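The values are calculated or read from the model by the stated rules, or taken from the named source; none is laboratory data. Everything numeric here is computed off the predicted structure, so don't read it as measured data. Counting neighbours? That spans all protein chains shown, and the Cβs are built from the backbone with ideal geometry, glycine included. Surface accessibility is based on the protein's heavy atoms, side chains included, excluding ligands, DNA and RNA. Shrake-Rupley method; radii C 1.70, N 1.55, O 1.52, S 1.80 Å.
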Amino acid sequence: GAIIGTPASMAAAAIDASLVRLVGAIFAGQPSIARAAIVTGRASAVAAEPFVRHGTDLLDFAELLVLVLDGRLGDAAEIGEHRRRERFTEAAGMWSYGAGLLHVHAGRIDLAAEAAAAAVEQLAWRDFLGARGAASGLLATAEAILGRPREARAAIDDIPEPLRDVVTARLQTVEAEAWMLANGGDPAAGAEHIAAALGPAMASGYTGWIALAAHTAVRLGHPLPVIPFLRTAAERSDARLVALVHEHAEALIADD
């Protein structure tokens, strides 16, 4: 075991603390705080590699998510796709999930389905972020957008029971179900379905993910059910992504 007080063990404790701050900032939609946590975590991540081998990968992935919060989804998607096609590593599932998430929101649905399917398989082996449920929900979302409800439902049913109530998995599943309702002829019901899930999610503080989920209702042409959540999210977050989604919803409501 580690000897308490050694440089490596102290660095491991420091990287753990940085990652906690970092994850909290990203979920809360606070990219400025996340950037500071990444900077302070870099040196500790290198020193802590004997105990936290994936620390550097997590910081790299966090930089990708900060690009997302900055509204630079296209740039982030290119990075995610490149990283997921590198030689197989323990972080492969994380990068496949990130690439799939970005492809969905950049409108590259075939690529999203491919990356999400890879993420589901890879995260069953190594899952540093607890993203296995969200990856299955993401695969379901891509399948639903592509008009394949049977495959979408199978992906949802594949989510392990303990992961179904994780906020990221729940929101992603709700997005998939909204697309199925929309493609079945009732986009308004899809938007209401999303809004019903956002109330409990707001209490979690996952502001960035709430904005992405709410944007599905906006894309379906029904922003009214989610606009209260987007207004609150925009007040809480300094992320350009959250502001853009909020502005899109307000513009649609104003017919502008």
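Once you have all Cα-Cα distances for the chain, histogram them in 5 Å bins from zero and send the whole-percent values.
1, 7, 13, 17, 20, 17, 11, 6, 4, 2, 1, 0, 0
Using only protein heavy atoms and a 1.4 Å probe, report how much of Y206 is accessible, in Å² to the nearest 10.
Accessible area, nearest 10 Å²: 50 Å².
Excluding A152 itself, what net charge comes from residues whose Cβ is under 13 Å from its Cβ, given Lys and Arg +1 and Asp and Glu -1? Provide the component values of the computation, followed by the final result.
Details: positive: R148, R150, R153; negative: E143, E151, D157, D158, E175, E177.
So the surrounding residues net to -3.
Starting from the exponent 0.38 and prefactor 2.2 Å, build the expected Rg for segment 107-229 from its residue count and divide its actual Cα Rg by it. Could you put the intermediate results ahead of the total?
Details: Rg = 13.5 Å, N = 123, 2.2 N^0.38 = 13.7 Å.
Dividing the Cα radius of gyration by 2.2 N^0.38 Å gives 0.99.
How many Å² of accessible area per residue for the chain, probe 1.4 Å? Kindly include the intermediate steps, with their values, before the conclusion.
Details: 11270 Å² over 256 residues.
I get 44 Å² per residue for the chain.
Could you tell me the ratio Rg/Rh of segment 192-248? Both radii from Cα atoms, Rh via Kirkwood. Mind dumping the intermediate values first?
Details: Rg = 9.8 Å, Rh = 10.8 Å.
Dividing the radius of gyration by the Kirkwood radius yields 0.91.
Taking all protein chains in place and a 1.4 Å probe, what share, in percent, of the accessible surface of segment 156-256 do carbon and sulfur account for? Walk me through the numbers on the way to the answer.
Working: 2360 of 4460 Å².
The C+S portion of the solvent-accessible surface of segment 156-256 is 53 percent.
Picking from P162, P31, P225, which is most flexible by a Gaussian network model of the chain using Cα springs under 10 Å?
P162
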